[in-house]
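A.B. asks: Encoded as structure tokens, here's the structure I'll be asking about.
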Amino acid sequence: MDVRQVLLLLLCAGWLRAQDALPDGPVDAVLGRNVTFQTVVGPSETFLTITWSFNGGGDLVPVVTIASGVEKVDEDYVGRVWLNKTSGVLTLGPLTAADNGDYSVIMVNNLAGTKTGETRLRVLEPVSKVEIRPNMMEAVELNSTVVLNCTARGSFLKFTWTNGTAPLVADGKRRTIKEGDLYSALSISGVLRSELLGPIRCTAGNKLESEKSAPFNLSVSFGPDNVVLAGVPSVPMVRKGANVTLTCSTLSLPAARFQWYHEDVLQSDTGSTLVMKDVTEKHSGNYTCIASNAKTLRYVASNTVHFSVLEAISGVRVAGPASLLAGNQSANLTCSAAAGTVATWAWLKDKLPLVPSERVVVAADGSRVTFDPVRKDDNAEFTCRLSNAISSDSAHFKMVVNFGPEPVVLNGEEAVEVTHRVELKCSAMSVPAATYTWSFNGTMQPVTTPVYTIDKAVYSNTGKYTCKAHNAITGLSSEASHWLVVKEEGALEGLSDGAIAGIIIGVLLALALAVAAIIYIRRKRPVQSPY
């Protein structure tokens, strides 16, 4: 009979008082690693004998015994156990599957007391081969139900799911999780594009260890969404001959395919841009693009854009009469362009906006201005400005209205001293400019300028000067007269204007009396008969 059997007999007979020597179990450990069985002992306790035994479901097997300082190890555990002779703590390893079972210890410190304990060792399979496998490799947003199956090797496994750092848990609606001993299945119905971008990880583990799967991502096909057609300027007018590029964009995975329509007619271009070079009027109209996705089988139309192709205005010309007579004629000014579509007309008179009136009428389309009748103030430069959304051009016309001469104005000295210079100035408003003739006391003078000059006045220059203005186009004439008195030197010094006027009047009266006397004498002279 060995020491362990003797101790058991003593315990059964009640001669030794038993106490619990092991903490509550079971004790879990990983296959291939070591396990340590801790004991519950006081700091000052010493033991005469310590015995550890194993029961794997058959006979009780002694593992290791220490008695009187001598250690005895069962041959099956040589090199695999380490026993602390003071505390009774046992380390066993590396573990095999056969080490599963119950372990007991008996620790005797004297005939009055002993400690015993029993616990179960569970040798766990290491966590390994944690893998995620999807039920499909291609998913369509909102249409597909994706199931991610996570499998692993190990004992007493628990599974968790994460997307990045955020946990993935069941919501009882679109997302459910089904678990077994060695797997976990995450199911997402009506999957969204962002849900599986990941990285998705599955973690399998027990209370001893855990392992994560490799990161998993699944691209979810979606779109086309937000199909936008752009490229037309804010003012949807394009100059003829320009290049126009329209761009269609959308959110889509895989990349969308595009079809272009002009006035509902399919075009040959299939890219995201439609390039039109050297556009003409035939390119005007409505444009739409349709984006499609080969995976989702969805077709989505963009917004419709419209633009018109306009030819720039050029070759503007204003036509009108070459010459007119004021007050007697009417006139039409017409404006036209050699090329381009005219949207607006504007008329200017001497660079200021033309103001219509009952006499000046602008046609409804702006292409003609009628003056009825023309007046002298219609002598001006008229400008016609034609515009459309992309261009403008203008032309000028100088309208000539002949008039006058209007009343002649004759200015000059009324009295001068002998030898003084005399200037008489004649003027009259007239188009074309008037021609001038002068007479002195009824006698024509060889002067045809508007200024009559006497370098040194003499007494005989006293008299009546008449200026006549004539317009060769209108055929009209107008004249004015001026009286000049030549006085002796110093005669005008200190004279007031009234005195000078009195002298002039006196001279005029004397001159009139002289003329009357001459006429009277001629009438009284007898006429001799020729026979």
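A.B. asks: Grab the strands (runs of 3 or more DSSP E) fully contained in the range 65-160, keeping just those with 2 or more residues being under 60 Å from the mean Cα position of the chain (by Cα) and touching a residue at least 12 places away in the same chain (Cβ under 8 Å).
C.D. replies: By residue number, 128-134, 146-153.
A.B. asks: Same structure, new question: Modelled with pLDDT under 95 and buried (at least 16 other Cβ atoms within 10 Å of the Cβ), is that true of Thr435?
C.D. replies: no
A.B. asks: Residues to consider are Lys158, Lys173, Lys115; find the one that is of a type in the set (Lys, Arg), modelled with pLDDT of 95 or more and out of contact with any helix residue (DSSP H, G or I) (no Cβ under 9 Å at 6 or more places or on another chain).
C.D. replies: Of the residues listed, the single one that is of a type in the set (Lys, Arg), modelled with pLDDT of 95 or more and out of contact with any helix residue (DSSP H, G or I) (no Cβ under 9 Å at 6 or more places or on another chain) is Lys158.
A.B. asks: Any residue at all in the range 45-56 that is free of Cβ contacts under 8 Å to residues at least 40 places away in the same chain and acidic (Asp, Glu)?
C.D. replies: Checked the range 45-56: no residue is free of Cβ contacts under 8 Å to residues at least 40 places away in the same chain and acidic (Asp, Glu).
A.B. asks: I'm checking my understanding of the structure. Among residues of the range 350-377 that are in contact (Cβ under 8 Å) with a residue 12 or more places away in the chain and of a type in the set (Ser, Thr, Tyr), which one is nearest to Glu406 (Cα to Cα)?
C.D. replies: For the range 350-377, the residue satisfying everything is Thr370.
A.B. asks: From (1) buried (at least 20 other Cβ atoms within 10 Å of the Cβ); (2) within 30 Å of Val146 (Cβ to Cβ), pick out the condition that doesn't hold for Leu229.
C.D. replies: For Leu229, the failing item is (2).
A.B. asks: Is at least one residue of the range 120-132 surrounded by fewer than 13 Cβ atoms within 10 Å (Cβ to Cβ) and within 30 Å of Asn217 (Cα to Cα)?
C.D. replies: Within the range 120-132, one or more residues are surrounded by fewer than 13 Cβ atoms within 10 Å (Cβ to Cβ) and within 30 Å of Asn217 (Cα to Cα).
A.B. asks: To continue, here is another question. Would you check which residues across the range 179-220 are outside any loop (DSSP other than H, G, I, E, B) and closer than 15 Å to Asn163 by Cβ and list them?
C.D. replies: Correct list: Ser184, Leu186, Ser187, Ile188, Ile200, Arg201, Cys202, Thr203, Lys212, Phe216, Val220.
A.B. asks: At positive phi, outside the structural domain of Leu48 (by TED's automatic domain parsing) and either out of contact with any Gly (no Cβ under 7 Å at 6 or more places or on another chain) or in a strand (DSSP E or B) (or both), is that true of Gly172?
C.D. replies: Spelling it out, Gly172 is indeed at positive phi, outside the structural domain of Leu48 (by TED's automatic domain parsing) and either out of contact with any Gly (no Cβ under 7 Å at 6 or more places or on another chain) or in a strand (DSSP E or B) (or both).
A.B. asks: Let me ask something else. Here's a check for you: in the range 201-215, which residue that is hydrophobic (A, V, I, L, M, F, W, C) and modelled with pLDDT of 95 or more is nearest to Ile177 (Cα to Cα)?
C.D. replies: Checking each candidate, the answer is Cys202.
A.B. asks: If a residue has to be of a type outside the set (Asp, Glu), in contact with an Asp or Glu (Cβ under 8 Å, 6 or more places away or on another chain) and surrounded by fewer than 18 Cβ atoms within 10 Å (Cβ to Cβ) to count, how many in the range 361-384 make the cut?
C.D. replies: 2
A.B. asks: Can you pull out the residues in the range 292-315 that are of a type in the set (Val, Ile, Thr) and either in a loop (DSSP other than H, G, I, E, B) or under 30 Å from Ser391 (Cβ atoms) (or both)?
C.D. replies: Thr296, Thr304, Val305, Val309, Ile313
A.B. asks: In this structure, does Glu263 turn out to be in contact (Cβ under 8 Å) with a residue 40 or more places away in the chain, of a type outside the set (A, V, I, L, M, F, W, C) and surrounded by fewer than 16 Cβ atoms within 10 Å (Cβ to Cβ)?
C.D. replies: no
A.B. asks: Take the conditions in contact with a Gly (Cβ under 8 Å, 6 or more places away or on another chain) and acidic (Asp, Glu) and apply them to Asp377. Does it pass?
C.D. replies: Considered against the rule, which asks whether it is in contact with a Gly (Cβ under 8 Å, 6 or more places away or on another chain) and acidic (Asp, Glu), Asp377 comes out as no.
A.B. asks: Among the residues of the range 327-342 satisfying the criterion of being loosely packed, with under 15 Cβ neighbours inside 10 Å and under 39 Å from the mean Cα position of the chain (by Cα), which is farthest from Ile473 (Cα to Cα)?
C.D. replies: Ala339
A.B. asks: Can you name every residue in the range 419-472 that is of a type in the set (A, V, I, L, M) and either in a strand (DSSP E or B) or under 60 Å from the mean Cα position of the chain (by Cα) (or both)?
C.D. replies: If the condition is that a residue be of a type in the set (A, V, I, L, M) and either in a strand (DSSP E or B) or under 60 Å from the mean Cα position of the chain (by Cα) (or both), then Val422, Leu424, Val431, Met444, Val451, Ile454, Ala469 are the ones that fit.
The values are calculated or read from the model by the stated rules, or taken from the named source; none is laboratory data. Please read these numbers as outputs of a predicted model, since none were measured by experiment. Using ideal geometry, Cβ is built from the backbone for each residue, glycine included, and neighbour counts are taken over all protein chains shown.
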